[in-house]
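No lab work stands behind these numbers, since they all come straight from the coordinates. Every value quoted in this text rests on a predicted model; they were computed, and no experiment measured them. Every residue, glycine among them, receives a Cβ derived from its backbone with ideal geometry; neighbour counts consider all protein chains shown.
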Amino acid sequence: MSFSESDAWVTDNPTTSATSTTPTPKNALKIERENHKLEKRLCRQVGQAIIDFNMISEGDRVMVCLSGGKDSFGMLDILLKLQKRAPVRFELIAVNLDQRQPGFPEHILPEYLKSLGIAFHIETQDTYSIVKKIIPEGKTMCSLCSRLRRGILYRVADELKATKIALGHHRDDMLQTFFLNMFFAGKLKGMPPKLVSDDGGHVVIRPLAYVNETDLTRWAAYRDFPIIPCSLCGSQENLQRQQVKNMLHAWEKQYPGRTVTMFTALQNVAPSHLMDPRLHDFKNIQITGVPDADGDKAFDSEEFASNSWSTLPMVKNDL
Ligand code: SF4
């Protein structure tokens, strides 16, 4: 069976009834219903991303990178649910890199993972000291820190014989990266749902590509994940990313639906209507003599329906 043709990945069939934090009797039913819907949506979106980008194949051993944040907890949780009903067999192994940040509660993840009864590996490497030594006080440490982390995780993936590395970036991370590249690097470049790593040796997947951050926040609260704060290292979030985040939030507030429209645009690229000669041979274009309804009207100014976002395929899929 070609699993990409199967809808088992996306069938709305929650495999567990998650235990919730104690709701009041008055609204318990409503909360339960909402959380049930949320679980269905998360499973459907992750399943759809897996199908659309052929992320997981028969026999894969997927290394799930678990930072202790809500996103990676959510990714592991949903992948475990999908594993039970997926049309292909695959293994999951959770991996956490303990970077020896001061105050890192090293018992939390092993205890949680043991309680799930799944395979896991904790890699301990003191990158914190290295970064502190190299980066001047007050400067953001994230760039060096994540570079060191990347190298270690590639090595661990080799040692564990993982065939895929799963990262917990979601739709909003991907959009933010797109705008960061545009505003600060002059590139039309986002964060792909699947890629070959820079060392050429690993396939990296982002199963949360279609999931929005708000849903992950809600899911984390509902599932009561033992979240480890990401501020232990003392580094500030990159200022540029924060600016882009604020900008996207403000746009969404003012024009509800804009985030979905922009995310849809990332999957609907027209290289002939951009300006990169490496993607389109502008120099040698020739008349075809064949009318094209989607062709450039050239003389007309573009018109857009005021609510055009609501007709986009992604919106129809509730993504
Ligand atoms: S927030 Fe801290 S742990 Fe995370 S990438 Fe930045 S420096 Fe590293």
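Overall form of region 123-249: rounded. Here a/c, set by the Cα gyration tensor axes a ≥ b ≥ c, is under 1.5. Relative to the current alpha-carbon distance between Asn54 and Leu116, full extension at 0.36 nm per residue lengthens the span by 19.7 nm.
Taking 7 Å steps out from each Cα toward its Cβ at Ile227 and Arg89 produces label points 3.7 nm apart. Give me the distance between the Cα centres of region 43-110 and region 237-284, rounded to whole Å. So the separation of the two Cα centres works out to 28 Å. Cross-link partners for Lys194 among the lysines, with Cα-Cα distance under 28 Å and sequence neighbours closer than 8 places in the same chain left out: Lys37, Lys40, Lys70, Lys81, Lys84, Lys161, Lys164, Lys245, Lys316.
Taking only DSSP H segments of four or more residues, each worth -39500 (n - 2.57), what value at 222 nm results for the chain once the sum is divided by all its residues, to the nearest 500 deg cm²/dmol? Mind showing how you got there, number by number?
Details: 10 runs with 130 residues, N = 319.
Only helices count here, giving -13000 deg cm²/dmol.
Available extension along the chain between Glu32 and Val269 is 81.4 nm, counting 0.36 nm per residue and deducting the alpha carbon span. Computed FRET efficiency, Cβ-Cβ of Phe183 and Glu106, R0 35 Å: what is it to the nearest 0.05? Using R0 = 35 Å, I get an efficiency of 0.40.
Indicate the gyration tensor shape class of region 23-261 (rounded, prolate or oblate), computed on the Cα atoms with a ≥ b ≥ c the square roots of the eigenvalues: a/c under 1.5 is rounded; otherwise a/b larger than b/c is prolate and the rest oblate.
It is rounded, given that a/c, with a ≥ b ≥ c, falls under 1.5.
Between Ala305 and Lys253, the C-beta separation translates, for a Förster distance of 25 Å, into a calculated FRET efficiency of about 0.75. With 0.36 nm allotted per residue and the present C-alpha distance subtracted, the Lys283-Asn238 stretch has 12.2 nm of extension available.
Sorting 39-51, 77-89 by average packing, meaning the other beta carbons within 10 Å per residue, from highest down gives 39-51, 77-89.
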